[in-house]
Amino acid sequence: KRRSWIQLNSSTATTTTAAGALTVGGLITATNGQIKFPATQVPSSDVNTLDDYQEVDFTPSLGGTGTYTLQLGTAIKIGRKVTASGRVCVTTIGTGGGAITGLPFTVGTGNNLLGGGSVFMSGMNTATVAEYISPTATTTTAGLYYKTIGSTSPIQVTSGMYKAGSCVEFLVNYFTDS
């Protein structure tokens, strides 16, 4: 069986402008290792079409009126799936504290688009056993939850649990609507 392919490299690449789509029945090799997507997504109605790839840095916070010694976030969006991670360290919490705010892409509208992830909280006023993060639909926010020894239900983190030097590290996956 004969295989067909298109090979792209800097010495033999050609530029072709066409109004239609390129259809390939075999392997596509990008020898220079790059596929470029436009800065603004061009959405496709075909769920099997990869139409977006972005890597971004963002500034997460714990909402409210807190001040921070550190606010670092990075995210990768492939199609509709987002993986975001970061670290926030508190100087003073003020109000807020129950969620990571400022996620770089809006969480999708349906329950099937929500995700989850893990959290590590250090330097807190309350000893926690298990922490997790849960994105909130149609927002750029993900709630922070914990359990203590003997508890059966998750409890949302509150501002009273933080003190100067408290840090929250998180990894969350979720889906967007586009």
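The values are calculated or read from the model by the stated rules, or taken from the named source; none is laboratory data. Computed from a predicted model, the values in this text were never measured in an experiment. Here the Cβ positions follow ideal geometry from the backbone for every residue, glycine too, while neighbour counts run over all protein chains shown. What goes into the accessible areas is simple: the full protein's heavy atoms, side chains included, and nothing from ligands, DNA or RNA. Shrake-Rupley method; radii C 1.70, N 1.55, O 1.52, S 1.80 Å.
Regarding the stretch 101-115, can at least one residue be identified that is in a strand (DSSP E or B) and of a type in the set (Gly, Ala, Ser)? Don't jump to the end; show me each part of the working.
First pass over the stretch 101-115, keeping only residues in a strand (DSSP E or B): 101.
Going one step further and asking which of them are of a type in the set (Gly, Ala, Ser), we end up with none.
No: the stretch 101-115 contains no residue that is in a strand (DSSP E or B) and of a type in the set (Gly, Ala, Ser).
One residue is enough: does the stretch 90-112 have a residue meeting the conditions touching a strand residue (DSSP E or B) at 6+ places or on another chain (Cβ under 7 Å), over 18 Å from Val172 (Cα atoms) and exposed (fewer than 13 other Cβ atoms within 10 Å of the Cβ)? Within the stretch 90-112, one or more residues are touching a strand residue (DSSP E or B) at 6+ places or on another chain (Cβ under 7 Å), over 18 Å from Val172 (Cα atoms) and exposed (fewer than 13 other Cβ atoms within 10 Å of the Cβ).
Restricting the stretch 128-178 to residues that are among the aromatic types (Phe, Trp, Tyr) and in a strand (DSSP E or B), which is surrounded by the most Cβ atoms within 10 Å (Cβ to Cβ)? Before the answer, list the steps.
Keep residues of the stretch 128-178 that are among the aromatic types (Phe, Trp, Tyr), which gives 132, 145-146, 162, 170, 174-175.
With the extra rule that they be in a strand (DSSP E or B), the set shrinks to 132, 145-146, 170, 174-175.
Numbers: Tyr132: 17, Tyr145: 20, Tyr146: 20, Phe170: 23, Tyr174: 25, Phe175: 20.
Per the stated criteria, the residue is Tyr174.
From the residues in the stretch 53-66 that are at pLDDT 95 or above and among the β-branched types (Val, Ile, Thr), which one is most open to solvent (accessible area, probe 1.4 Å)? Here the residue is Thr59. Every condition in (1) modelled with pLDDT of 95 or more; (2) surrounded by 18 or more Cβ atoms within 10 Å (Cβ to Cβ); (3) not aromatic (Phe, Trp, Tyr) holds for Leu70 except the one numbered (2). Restricting the stretch 113-127 to residues that are modelled with pLDDT under 90 and more than 16 Å from Tyr162 (Cα to Cα), the residue that is most open to solvent (accessible area, probe 1.4 Å) is Leu114.
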